[in-house]
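Participant: This is the structure I have questions about; it appears just below.
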Amino acid sequence: MLAVAVLAAGKGTRMKSSLPKVLQPLGGKSLVERVLNATNPLNADRRIAIVGYCSDQVRAALADYPKIEFAEQVEQLGTGHAIQQLLEPLTGFVGELVVLTGDSPLLRAETIQNLIDRHRDHQASATVLTAILPDPTGYGRVFCDRDMRLERIIEHRDCNPEQILNQRVSTGVYCFDWQQLAAALPKLTTNNAQKEYYLTEVFDYLTSVYANDLADPDESLGINDRLQLAHAYEILQKRSRDKWMRAGVTMLLPDTITIDDEVELAPNVVIEPHSHLRGNTKVGSGTTIGPSSMLTNSMIGENCHVQFSVIEDSQVADHCRIGPFARIRGESMVGEKCRIGNFVELKNAKVGDRTNAAHLSYLGDATLGEQVNIGAGTITANYDGFKKHQTVIGDRSKTGANSVLIAPINIGDNVNIAAGSIIVDDVEANALAIARAKQVVKSDYYDQEGRKQK
Ligand code: UD1
Ligand code: CA
């Protein structure tokens with residue numbers, strides 16, 4: 001049997017935040033969610049989150065996880081005290097307990113599985129996931145013999161000047177034989193610099209303990225403050241970019257590009273500098289994103305170019321040119337071979353194939369047919385102060401520059417709307433609609449010096 005416990009009761013004082021540390025967001029997910037996700041493939045029989053500080057908030061954030069139990073650590077008296085809270089829920093449990101800290105979001109699932117495998121190979125009482133760090137500041141130092149048998153873990157603050165130089169640290173991830181751990185837990189003391197019950201003290205009471213070094217020390221990063229949070233984001237982003245470049249995506253100045261975990265990119269996508277792909281975004285082959293674009297929960301087809309633009313919750317079909325400076329949002333759908341250009345905003349707009357809106361427009365709650373041409377400055381006035389209304393424009397229709405279409409309104413196919421018109425009534429197919437004051441010219445109105453004539 002396998003049980004997993006995640007320590008998530010601490011406040012995270014060094015974060016200086018109103019949010020409990022384990023709920024700090026990192027690339028669209030909280031720290032503790034990332035830790036739990038890494039335990040999903042283990043298929044553990046039990047999975048227990050130890051909560052305490054703001055426990056209602058932490059429980060609510062994790063409630064949807066399959067197979068999760070909570071143990072309450074009312075007072076946070078240290079990591080050892082946290083694990084003591086499992087004595088009751090794990091009464092009679094036989095098997096391994098994997099302990100993870102809720103603040104180590106870079107750990108990979110394979111690494112945890114490997115730790116369990118090594119533990120079983122040795123038939124150990126405990127196996128500690130360790131790392132060799134050039135700068136071990138803040139971590140518990142691990143001392144072991146040549147066969148990687150662990151002798152002691154000494155917390156940073158309890159180290160003497162010689163011990164503090166040791167670069168092998170505990171990552172805070174362990175695999176225990178639960179029954180041997182359960183026998184050792186009641187022996188913990190608070191004889192240390194922080195006057196806490198340290199989980200690391202149990203190694204003084206367990207007989208057969210091994211250390212297992214991480215291949216990639218980055219995985220050990222524990223997030224205690226906002227500098228480490230920023231560092232973790234950099235590492236996650238580098239992992240993501242490296243993965244996509246290996247899969248055939250070109251990136252220019254990759255350090256300026258961010259890509260969330262769920263994003264999917266086809267080979268032959270090009271991402272130009274300062275572009276950000278978030279949420280469930282997909283991009284098709286041959287498309288160039290950027291420079292300076294942000295796509296969130298959006299699907300972009302093949303052979304498009306999106307530059308200096310923001311697209312959210314929307315779809316763009318193949319061969320479109322978007323931007324510079326377009327904003328597409330609110331479940332908009334843009335057909336093939338469209339151009340949505342400079343300073344054009346689409347909100348909940350359906351745009352047919354080969355339709356262009358090239359300059360300075362707002363098209364909201366609108367359905368545009370195919371081969372429509374939206375003149376510069378066209379506005380769909382969709383809001384009457386109470387409700388939003390629909391605009392429909394038929395195939396091959398054109399709106400002149402600066403026209404305003406007051407919704408609800410229906411413009412037929414092949415319509416031409418004269419520039420500067422304010423259209424309040426529906427226009428039938430094949431019509432020319434002009435709705436503007438007639439031009440008046442008053443001859444000889446001024447004299448040579450510009451004075452008004454009587
Ligand atoms: C801990 C380890 C240290 C290791 C480091 C790795 C101990 C004593 N030290 O130190 O050896 O190198 O992690 O990152 O175990 N928590 C509780 N209840 C408590 C106290 C803490 O649930 O009473 C939780 C925190 O929410 C956090 C985790 O335990 O998720 C680790 O606590 P933290 O205070 O960050 O420990 P470190 O000082 O980093
Ligand atoms: Ca920590």
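Participant: Within segment 17-38, does at least one residue satisfy the condition of being more than 16 Å from ligand 2 (Cβ to nearest atom), touching an Asp or Glu at 6+ places or on another chain (Cβ under 7 Å) and either outside any helix (DSSP H, G or I) or of a type in the set (Val, Ile, Thr) (or both)?
Facilitator: yes
Participant: Could you list, in sequence order, the residues of segment 17-58 that are more than 9 Å from ligand 1 (Cβ to nearest atom) and more than 22 Å from the chain's Cα centre (by Cα)? Break it down into steps so the answer makes sense when it comes.
Facilitator: Our first condition is that a residue be more than 9 Å from ligand 1 (Cβ to nearest atom); within segment 17-58, this holds for 17-19, 23-30, 33-34, 36-49, 54-58.
Those that are more than 9 Å from ligand 1 (Cβ to nearest atom) and more than 22 Å from the chain's Cα centre (by Cα): LEU42, ASN43, ALA44, ASP45, ARG46, ARG47, ILE48, ALA49, CYS54, SER55, ASP56.
Participant: So ARG157 fits all but one of (1) assigned by TED's automatic domain parsing to the domain that holds ARG108; (2) within 16 Å of ligand 2 (Cβ to nearest atom); (3) surrounded by 18 or more Cβ atoms within 10 Å (Cβ to Cβ); (4) not acidic (Asp, Glu); what number is the exception?
Facilitator: Every listed condition holds for ARG157 apart from (3).
Participant: Oh, and also: Of all residues being open to solvent by 70 Å² or more (accessible area, probe 1.4 Å) and among the acidic types (Asp, Glu) in segment 220-261, which is farthest from ligand 1 (Cβ to nearest atom)? Just the residue, please.
Facilitator: ASP255
Participant: If the requirement is being in the same structural domain as THR200 (by TED's automatic domain parsing), small (Gly, Ala, Ser) and either crowded, with 19+ Cβ neighbours inside 10 Å or part of a strand (DSSP E or B) (or both), which of these qualifies: ALA71, ALA60? Step through it out loud before you land on a result.
Facilitator: Numbers: ALA60 fails: either crowded, with 19+ Cβ neighbours inside 10 Å or part of a strand (DSSP E or B) (or both).
When all the criteria are applied, what remains is ALA71.
Participant: Residue by residue through segment 215-254, note down the ones that are within 16 Å of ligand 2 (Cβ to nearest atom) and in contact with a strand residue (DSSP E or B) (Cβ under 8 Å, 6 or more places away or on another chain).
Facilitator: Answer for segment 215-254, where residues must be within 16 Å of ligand 2 (Cβ to nearest atom) and in contact with a strand residue (DSSP E or B) (Cβ under 8 Å, 6 or more places away or on another chain): PRO217, GLU219, SER220, GLY222, ILE223, LEU229, ALA232.
Participant: Of (1) within 16 Å of ligand 2 (Cβ to nearest atom); (2) buried (at least 19 other Cβ atoms within 10 Å of the Cβ), ARG14 satisfies all except one. Which?
Facilitator: (2)
Participant: Can you pull out the residues in segment 184-205 that are over 15 Å from ILE154 (Cα atoms) and either open to solvent by less than 20 Å² (accessible area, probe 1.4 Å) or within 10 Å of ligand 1 (Cβ to nearest atom) (or both)?
Facilitator: Within segment 184-205, the subset over 15 Å from ILE154 (Cα atoms) is 184-187.
Listed by number, the residues that qualify are ALA184, LEU185.
The values are calculated or read from the model by the stated rules, or taken from the named source; none is laboratory data. A quick note: this is a predicted structure, and the numbers were derived from the prediction, not measured. A quick note on method: Cβ atoms are made from the backbone with ideal geometry, for glycine too, and the neighbour counts reach across all protein chains shown. Note: areas computed on protein heavy atoms with side chains; ligands, DNA, RNA excluded. Shrake-Rupley method; radii C 1.70, N 1.55, O 1.52, S 1.80 Å.
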